[in-house]
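Each remark here refers to the structure printed beneath this line.
The values are calculated or read from the model by the stated rules, or taken from the named source; none is laboratory data. Values in this document were obtained by computation on a predicted structure and should not be read as measured data. Counting neighbours? That spans all protein chains shown, and the Cβs are built from the backbone with ideal geometry, glycine included. What goes into the accessible areas is simple: the full protein's heavy atoms, side chains included, and nothing from ligands, DNA or RNA. Shrake-Rupley method; radii C 1.70, N 1.55, O 1.52, S 1.80 Å.
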Amino acid sequence: MKHFSLALIFAFAVALFACSSDSGETEETYTVYIYTGAYQESCQNMSMLFVGDGLDGFQDFGGYDSWDKFEKMRDTYGAQMGLKTHSWTKSEVKAHLLGWGFSQEKAQTRTEELFGVEHGICYARRGDLVDYLIK
């Protein structure tokens, strides 16, 4: 009876370990920055980073010197601005965009655009505020 109990406990432990172990693959994380600022401020200060109508959209930093400008702004004013840094997966970025009120389709499109480039910015205007997500 003792051997049977030990065998049963061993079998249960092996099954439990097999269920809890993952395949070793984890979703890659990316450094992203989020910031909310006044629309007027974005017209004055953030316009050096992107050209947009202030409603919502995406801008690729790849072909511009905007990424260098962003890094300088981040290093100089980031703390004062309330710029927040996160290490997020693609699905966490999409969830954040859904939190902005984007539809599933728009959040998916913006996420694909953002992760299709080395550095990019997604933005959305909410009245007098503009939300930014920068990768």
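In this structure, is Ser23 among the hydroxyl-bearing types (Ser, Thr, Tyr) and modelled with pLDDT under 90?
Against the criterion (among the hydroxyl-bearing types (Ser, Thr, Tyr) and modelled with pLDDT under 90), Ser23 qualifies.
Count, please, the residues in segment 68-91 that happen to be part of a helix (DSSP H, G or I) and free of Cβ contacts under 8 Å to residues at least 60 places away in the same chain.
Counting residues in segment 68-91 that are part of a helix (DSSP H, G or I) and free of Cβ contacts under 8 Å to residues at least 60 places away in the same chain gives 13.
State all residues of segment 96-134 that are part of a helix (DSSP H, G or I), open to solvent by less than 20 Å² (accessible area, probe 1.4 Å) and touching a residue at least 40 places away in the same chain (Cβ under 8 Å); if no residue qualifies, say none.
Leu114
Quick grid of which residues meet (1) surrounded by 13 or more Cβ atoms within 10 Å (Cβ to Cβ); (2) at pLDDT below 70; (3) among the basic types (Lys, Arg):
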{"site": "Ser5", "(1), (2), (3)": "no, yes, no"}
{"site": "Leu8", "(1), (2), (3)": "no, yes, no"}
{"site": "Val14", "(1), (2), (3)": "no, yes, no"}
{"site": "Tyr35", "(1), (2), (3)": "yes, no, no"}
{"site": "Glu41", "(1), (2), (3)": "yes, no, no"}
{"site": "Met46", "(1), (2), (3)": "yes, yes, no"}
